[in-house]
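Before any comments, here is the structure.
Where a number appears in this text, it was derived from the coordinates with a stated rule and is not lab data. Note that the coordinates shown come from a computational prediction; the quantities given were computed from them, not determined experimentally. FYI the Cβ positions are ideal-geometry reconstructions off the backbone, even for glycines, and counts take in every protein chain you see.
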Protein chains: 2
Amino acid sequence: MKIIKYPSPSEYQAILTRPVQDMSVIEQRVIPILEKVKKEGDKALFELALQFDKVTLETLEMDASKVEAAAGLLSEELKTAIHAAYQNIYKFHEAQKQAPEKIETTTGVTCWRKSVGIEKVGVYIPGGTAPLFSTVLMLGVPAQIAGCKEVVLCTPSDHPAILYAAKLCGISKIFRVGGAQAVAAMAYGTESIPQVYKIFGPGNQYVTAAKMLVNKEGVAIDMPAGPSEVAVWADNSANPAFVAADLLSQAEHGIDSQVLLVSTSEEIIEAVNQELEKQLAVLPRAEFAAKALENSQAVLVENQDIAIDMLNQYAAEHLIMSVENAEELSEQIFNAGSIFLGNYTPESAGDYASGTNHTLPTNGFAKAYSGVSLDSFVKKITIQKITKEGIQQLGNTIIEMAEAESLRAHANAVRVRLA
Amino acid sequence: MKIIKYPSPSEYQAILTRPVQDMSVIEQRVIPILEKVKKEGDKALFELALQFDKVTLETLEMDASKVEAAAGLLSEELKTAIHAAYQNIYKFHEAQKQAPEKIETTTGVTCWRKSVGIEKVGVYIPGGTAPLFSTVLMLGVPAQIAGCKEVVLCTPSDHPAILYAAKLCGISKIFRVGGAQAVAAMAYGTESIPQVYKIFGPGNQYVTAAKMLVNKEGVAIDMPAGPSEVAVWADNSANPAFVAADLLSQAEHGIDSQVLLVSTSEEIIEAVNQELEKQLAVLPRAEFAAKALENSQAVLVENQDIAIDMLNQYAAEHLIMSVENAEELSEQIFNAGSIFLGNYTPESAGDYASGTNHTLPTNGFAKAYSGVSLDSFVKKITIQKITKEGIQQLGNTIIEMAEAESLRAHANAVRVRLA
């Protein structure tokens, strides 16, 4: 870990800037895949599975017997854990429901909003060595609470934990399709795979590029994605072993993971560094983590205000505050995806089971984007109802404004009602 | 207006599909503009103002004396109307505030969300004949309630109503920049114009293309945009003159405006058609409206269920329900931007002054997107706080799941805390 001591404000930007990823080369590879799926449908998906994943699929839909068999292939301990996480995620997201509140803005003019689940949503879960069944819960649970009528899951993995989590969330349409072609299939629809209105989920750069491209065509997506990251703010009340473990848990995601440690205490930075080496030595995915740590930084700052300023400028996906009065200080944080307070709140709690969502804005996107929540799966339709008396009250306001905007027919739509 | 009688379900899609807009040619023109502004900053803006708007600007920032003088140039009636609209919009959007609610998902595990205004937002208001000061209110009011620290307004117009509305909303940074270059300036920042994290507002196809392109680079935008549209569902309780006036108020927006009338009553369709001709004859922007009506359709359907099904498939930006039991029937509508109930609720009420927002999803985007609301100007940061007891409770769940996902360091971040 690179240590930077007392940087001047002019140096912050260089310290906090993420590596720029040029997506143009990847986009150029993804565009023909999108076009092929749009034109050829299922046929394209079979061909691309053979070409990219070296798999000859017989059908695109996941074999129902595999879904049924999933429970029997998992340990009781894992099933219990999945259920506990499911319950917490459910509780936290259910509390995000908003009852419609009617507001009478002017006598006889009543306005409200109603939340409606997006009818058709798609969830992408990547394959690879780590079966991300936790992400199935993070996206499947709010979709279930929102009442989305059709939830399509595309994943090249048939890992039983993924299938088990999907079933728990009531997802019945699972397709064995991966990569950019899965995004294309959900965006455009094929003979087998229903078209959806919004696509969620993580993936490699091809998946990310595909999501951004279909988004430009009007298909909604959860949020733009970049490599995962954590910032830890630690003072002398922090436990160096805990901090090191948190940094490593982020770093094990891959060599492009970002880790930032900010502290007013040189002792803590040094103690964390020593702990990092100790813990790294016994970690199975040590090669990833070590590489990620090479790109990571510890910044020693003069005081709390500077730490807060830097953290707001960085806008971390995950922000761990291992500081005294963490909750009080968190009120000054206005850019972050998710905040973890105190010594006993590791990021991995939020990754799996505390109840918060782990689909969060990376790459500084927390400056404008929220993480996934129930909101991500609903639309809010505004409704208004005006009585005959109400339009008498409000009519002149509308007419005056419409005419000032040279929109005479808008004014006339009121006039005919006042007559 | 083209009349279609009793279409079969297989014909719905053809009736309801909007004209496809190929943005690729426009994008190719916009990309060099974005690049020029990114590279040359203010200099590019001065040059492009001369090139596209034939204006030689001395400074980019709006002259403060013009803002001060605005109030004196407006009629008292218009100012009163703007204030009345401001109040209603404020009331409705303020009610959208959500207080943080702490949820204890497991003993010792507390999770909540806090809403924070996006620090820097940009608002674009186009120039042209109609000064869209109503849109300044629709975007400025929720930004003000959200507590956005910096609201940047770019507009080529110096119309006093725009400046007056901006001042009312507390917007102090106004720049005389228009078109795709205004979007670029707010996305990248220039010497004069601050970079923002999210860009709102309507515009022509160049502005729309620019917003989609910077969005692909990670700058948030309000929503994708298309031509404005209204669907009216009318039964025999509807007043044909009111319906015709509503259709015309939509149609006067421009020749690409979309108008759809759905009814179970042939008499109403005919009566509306007669009223359209009558009202069109005395309308100042008749040429636009007449042209827009040529592309518009009245669909006669057999029953309410079919009407509801079609309207949900269409997902109108504005849906006027001039039917008996409108409020009750609106519960079956799940795709729409904003709904207007009954005979005395014209769309123009929502366009200006009822309190709801008029920045709404067009082009069927209401299937996945909400209109602009207070939510659009805030991010929701999740926060979690786990006690020593809490991690004992939740620890095994996290460890079990992390190990099943082969993320050993994630498990270890809990283990060190349980030890």
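For the reader, a short list of remarks on this structure follows.
- Largest first and in whole Å, the equivalent-ellipsoid semi-axes of the stretch B:1-109 read 38, 34, 27, each the square root of five times a Cα gyration tensor eigenvalue.
- Inter-chain shielding of B:122-135 (mean C-beta neighbours from other protein chains, 10 Å cut-off): 2
- Shape parameters for chain B, alpha-carbon atoms, Rg then Dmax in Å: 24.9, 83
- Exam field: A:Ser237 pseudo-label spacings to other copies (7 Å along Cα-Cβ), nanometres: 6.1
- Using a 7 Å projection from Cα along Cα-to-Cβ, the label point at B:Ser172 is separated from the same position in the remaining copies by 5.9 nm, smallest value first.
- Alpha carbon centroid spacing (whole Å) that separates the stretch A:380-397 from the stretch B:69-146: 19 Å
- Residues whose placed amide H lies under 5 Å from that of A:Thr190, excluding near-sequence neighbours: A:Gln195
- At R0 = 22 Å, FRET efficiency that the Cβ-Cβ distance of A:Ser192 and A:Lys216 yields, to 0.05: 0.30
- Label 7 Å beyond Cα on the Cβ vector: B:His83 copy-to-copy distances, nm: 6.3
- In chain A, the sites counted are trypsin sites (Lys or Arg not before Pro) in DSSP loop states with at most 15 other Cβ atoms within 10 Å, and the longest stretch holding none of them, exclusive of the sites, is A:150-419.
- Label point at B:Leu57 placed 7 Å out along Cα→Cβ; residues across the stretch B:127-144 whose backbone nitrogen lies under 14 Å: B:127
- Extension gain for the segment B:Lys66 to B:Arg29, taken as residue separation times 0.36 nm less the Cα-Cα distance, is 10.0 nm to one decimal.
- Debye-sum result for the stretch B:148-270 in log10 I(q)/I(0), which assumes one identical scatterer on each alpha carbon, at q = 0.14, 0.16, 0.18 Å⁻¹: -0.74, -0.84, -0.95
- Chain B - mean residue ellipticity at 222 nm from DSSP helices (-39,500 (n - 2.57) per run, n ≥ 4, rounded to 500): -14500 deg cm²/dmol
- Debye intensity ratio in log₁₀ form over the Cα atoms of the stretch B:118-157, taken at each q of 0.16, 0.23, 0.31 Å⁻¹: -0.39, -0.71, -1.05
- In a DSSP loop and with at most 14 other Cβ atoms within 10 Å, the GluC sites (Glu not before Pro) in the stretch A:34-132 are A:Glu58, A:Glu101.
- Within the protein assembly as shown, DSSP assigns beta bridges of which about 25% are antiparallel (rounded to the nearest 5).
- Within the stretch A:212-295, GluC sites (Glu not before Pro) in DSSP loop having at most 16 other beta-carbon neighbours inside 10 Å: A:Glu217
- Annotation: extensible slack from A:Glu294 through A:Asn236 equals 18.5 nm (criterion: 0.36 nm per residue apart, minus Cα-Cα distance).
- Kirkwood-based shape ratio for the stretch A:196-335, expressed as Rg/Rh from alpha carbons: 1.05
- Length-normalised contact order for the stretch B:295-348 - Cα pairs under 8 Å, 6+ apart - percent: 36 percent
- Per-residue shielding of B:371-379, expressed as the average number of other chain Cβ atoms within 10 Å of the residue Cβ, stands at 3.
- Working from Cα pairs under 8 Å separated by at least six residues, relative contact order for the stretch A:64-189 is 27 percent.
- When both bridge partners sit in chain B, DSSP labels roughly 25% of those beta bridges antiparallel.
- As a ratio to 2.2 N^0.38 Å, the alpha-carbon radius of gyration for the protein assembly as shown is 0.97.
- Estimated FRET transfer efficiency when R0 is 60 angstrom, pair B:Lys39-A:Glu104 (beta carbons, to 0.05): 0.70
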